[in-house]
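Heads up, the thing below is written out as structure tokens.
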Amino acid sequence: MSLVLLGGAPYAAQGAGEQREPELKDLLLKIITSADCFTDRYEAEVWHKAMEPRLRPYVTTYEDRIDILDHVYCEAKRDPDLQMPPDLILALIEVESRFDPWAVSRAGAVGLMQVMPFWPTQLGMQNQLVRPAPNIRMGCEILRYYLRAEHHDWTRALARYNGSVGRADYPKLIMSHWQRSWRF
């Protein structure tokens, strides 16, 4: 079960441990061994100027805010065949962890994007899910995998990400935060 804080109130998801698809494991192995991606510096500056002030209530240092913004933007745009809106990823992170890299849910999901801790073990990695870069990279690839599996249906993909398939409350929550606070 995944725990999300919304205005201090927990939001629980069912079945987060059911994310153990073998194809997803292969995809995650591929992305964690690939080189870092880079963004156009002009795009990065526009992104930073627009989004950094929105992160201030959640992340104390400027350096940490820029680090999160860089990783979110890069990972959301990593796959040219299925780019995701980086501002939507910020909404997901807000709901999942309120930008706390040390957040742990009742189900054991860890970090900014609340990635289940069996992934590093399955991939033969050290568990570094409290570090923004690997957490955002894995979280974005998991969401991208579910978007493909659900034929680009964001509602179903977000529900699968959260472990709440068949329910629309979590996807509506993400979309609400996106529209209200993060839409770029």
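Looking only at residues in segment 146-184 that are assigned to a helix (DSSP H, G or I) and charged (D, E, K, R), which one is surrounded by the most Cβ atoms within 10 Å (Cβ to Cβ)? Of everything passing the filter in segment 146-184, Arg160 is surrounded by the most Cβ atoms within 10 Å (Cβ to Cβ).
Those helices (runs of 4 or more DSSP H) of segment 50-129 in which at least 1 residues are crowded, with 20+ Cβ neighbours inside 10 Å and modelled with pLDDT under 95, considering only elements entirely within it, cover 62-77, 118-122. Considering only segment 70-93, I want to know if a residue exists there that is more than 12 Å from the chain's Cα centre (by Cα) and on the phi > 0 side of the Ramachandran plot. Scanning segment 70-93, I find no residue that is more than 12 Å from the chain's Cα centre (by Cα) and on the phi > 0 side of the Ramachandran plot, so the answer is no. For segment 20-49, give me each residue that is within 27 Å of Gly163 (Cβ to Cβ), at pLDDT below 75 and in a helix (DSSP H, G or I). Pro22, Leu24, Lys25, Asp26, Leu27, Leu28, Leu29, Lys30, Ile31, Ile32 - these are the residues of segment 20-49 that are within 27 Å of Gly163 (Cβ to Cβ), at pLDDT below 75 and in a helix (DSSP H, G or I).
The values are calculated or read from the model by the stated rules, or taken from the named source; none is laboratory data. Everything numeric in this text was worked out from a predicted model, so none of it was measured. Quick reminder, even Gly has a Cβ in these numbers, built from the backbone with ideal geometry, and neighbours come from all protein chains shown.
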